[in-house]
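What follows is a set of notes on a single structure, which appears directly below.
The values are calculated or read from the model by the stated rules, or taken from the named source; none is laboratory data. Note that the coordinates shown come from a computational prediction; the quantities given were computed from them, not determined experimentally. Glycine gets a Cβ as well: all are built from the backbone with ideal geometry, and neighbour counts include every protein chain shown. Only protein heavy atoms, including side chains, enter the accessible area calculation; ligands, DNA and RNA are left aside. Shrake-Rupley method; radii C 1.70, N 1.55, O 1.52, S 1.80 Å.
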Amino acid sequence: MAPSGQAGELPTFPRVVEKADPISYFFLGLAIVSLGLSALMAQLGLLKPLEALSLFLWLLALVLWLDALIRYLRPWTRHKSMPLAISGSISAALAAAVFLGLTAWWPLLILALGACSLAYGLFKLRAARTAR
Amino acid sequence: MMIKKDVGLVLLIASGVIFIIAGLMQLLGVFPLYGLSLIEALGLAFLASGIILLILGLLGVKVGGSAVLLAISLCVLMVISSGALAIFTPGRLEAGSVAIFRTAEFSSVSELSISCEISSGSLEVYSTPNRSLLLEAEYYVRPGMEPTIEHEVVGGRLSVFLKAGAILLRLFVASWLPWSLTASTSLGSIEAELNITSLRSLKLSSALGSITLSLMAQELLQNSTITASTSLGSLDLNLTIGPSVGCQVRASTSLGSIGRELEGFEVVSSGWGYLLIRSEGYASAEHFLDASLSTSLGSIDVWAERRA
């Protein structure tokens with residue numbers, strides 16, 4: 001399909017994927033539900049503020065991991081699964097650190113960051129070698 | 001043979017390994033470069049990162065974000081190795097130890113001088129009216145990171161020098177004899193709650209930590225000076241003085257803000273990042289207290305009250 005546009009204007013190209021990504025909406029909804037649930041439990045006095053924050057981060061990590069897994073199973077969106085999995089891992093590490101006490105357990109974040117960098121690097125290196 | 005494209009990925013993997021080693025070292029309490037100051041550790045990290053980038057540049061390899069991540073990971077590793085953040089593992093701190101200088105042991109002492117240098121952690125200073133005590137230092141450190149405490153008595157003056165890496169330190173200073181304190185921290189905060197009736201001088205400085213001062217003097221036995229400065233942290237002064245005390249507070253900040261709440265004090269001059277206040281009846285006071293507060297980025301808040 002040829003690019004459209006009037007003379008003097010930048011040409012516009014049609015979107016490769018016309019349909020909106022329904023998976024994004026579903027998981028964004030789940031993330032917002034997690035936030036609401038955690039805030040509600042804190043407001044009702046069932047959880048302390050830090051516990052509620054930890055719960056939200058745990059739920060967010062689960063949502064992100066699930067999102068990554070589902071995207072990995074669909075070739076269309078496979079490229080998005082790695083960033084989501086990494087975000088989920090960092091969220092889980094942050095949740096654990098908040099739950100256990102951030103002043104003592106903040107190195108968990110560094111560990112998560114290191115594990116993600118290592119996994120991402122090894123994965124990409126292997127993919128590059130396989131492609132060659 | 002490794003293709004140039006793969007160098008970025010190799011750097012990413014190296015960063016990951018370094019982050020994991022740094023995280024494990026902090027969690028397990030292993031600090032092989034303990035003794036290096038924070039600035040020295042960061043300097044070494046910058047040096048190593050710079051050399052790696054230089055080599056990659058000479059080889060004509062484009063690595064972009066991976067190189068930055070490697071530099072960050074090296075900085076994290078060096079800072080953790082130096083033990084500067086060792087205090088942030090509370091569960092592993094050694095039970096509190098105490099160093100006490102009693103009046104009975106130093107009966108000839110008529111003046112106290114304390115010098116304290118801390119890398120990270122926190123410093124709390126309290127005054128005590130207990131006449132059997134000159135100085136008590138209560139501290140929490142990791143095993144093997146005990147502070148060095150030295151002292152000498154010259155001409156009736158007890159001088160105590162305390163130096164520590166990562167520490168939670170609480171000082172109880174005798175408020176009934178003339179005393180002076182000089183304390184500096186790199187990362188740690190400083191909090192002081194003092195009766196400054198017998199104070200000669202108080203000098204507090206912190207690079208990144210905040211300073212909170214709560215000072216009270218119904219009267220002064222001599223003129224006193226207070227200097228408090230911090231680069232990034234905030235500075236709070238809560239000051240209460242009696243009518244015989246002439247007090248002047250000078251506050252200055254480069255980029256922070258200055259807040260004030262005054263009673264029995266008047267503003268002599270103020271401007272952007274600057275404030276000078278004096279107590280009422282300043283000129284007719286018996287003794288004078290001169291306080292100077294400064295920050296670079298942090299805010300300054302002054303609550304000053306002159307009680308009749």
### Task
Using only Cα atoms, figure out Rg for the protein assembly as shown and give it as a multiple of 2.2 N^0.38 Å.
1.30
### the protein assembly as shown, accessible surface, carbon-and-sulfur percent (1.4 angstrom probe)
64
### Query
Peptides B:187-195, B:15-23: what's the order by average Cβ count within 10 Å, highest mean first?
B:15-23, B:187-195
### Query
With the other protein chains left in place, how much accessible area per residue, in square angstrom, belongs to segment B:112-221 at a 1.4 angstrom probe?
37
#### Entry: Value of relative contact order over segment A:22-131, rounded to a whole percent, pairs C-alpha under 8 Å and six or more apart
22
### Query
What do you get when you divide the Cα radius of gyration of segment B:2-84 by 2.2 N^0.38 Å, with N the number of residues?
1.15
### Query
With helices defined as uninterrupted DSSP H runs, which ones in chain B have an alpha carbon span along their own long axis of at least 27 Å and mean Kyte-Doolittle hydropathy of at least 1.6?
B:4-28, B:38-59
### Task
Just grab the label-to-label distance for residue B:126 and residue B:98, each label 7 Å out from Cα along the Cβ direction, in nm (one decimal).
1.2
### Task
At 0.36 nm per residue, minus the direct Cα-Cα distance, what do residue B:305 and residue B:193 gain on full extension? Give it in nm, one decimal, please.
38.8 nm
### Task
Could you calculate the FRET efficiency of residue B:154 with residue B:227 from 1/(1 + (r/R0)^6), where r is the beta carbon distance between them and R0 is 22 Å, rounded to 0.05?
0.40
### Query
Along the Cα-to-C-beta direction of residue A:128, a point sits 7 Å from the Cα; which residues of segment B:7-31 have their amide N less than 11 Å from that point?
B:7-13
### Query
For chain B, what relative contact order do you get, as a whole percent, if you take Cα pairs closer than 8 Å and at least 6 residues apart?
13
### Summary
Note, residue B:199: beta-carbon cut-off 14 Å, +1 each Lys/Arg, -1 each Asp/Glu, net -2
#### Entry: Reachable aspartates and glutamates from residue B:62, criterion Cα separation under 20 angstrom, eight or more residues apart if same chain
B:6
### Query
For a label point 7 angstrom out from the Cα of residue B:292 toward its Cβ, which stretches of segment B:201-215 have the backbone nitrogen within less than 16 Å?
B:201-206
### Message
From the P(r) of segment B:51-165, could you give the percentage of C-alpha pairs in the tail past 17 Å?
### Response
67
### Task
Quantify how strongly other chains surround peptide A:118-130 by giving the mean number of their Cβ atoms within 10 Å of each of its Cβ atoms.
4
### Message
Going by amide H atoms built from the backbone, whose H comes under 5 Å of the H on residue B:264, apart from near neighbours?
### Response
B:306
### Query
What is the mean number of Cβ atoms from other protein chains located within 10 Å of the Cβ atom of each residue in peptide B:6-16, rounded to a whole number?
5
#### Entry: Average beta carbon contacts from partner chains per residue of B:22-32, 10 Å cutoff
3
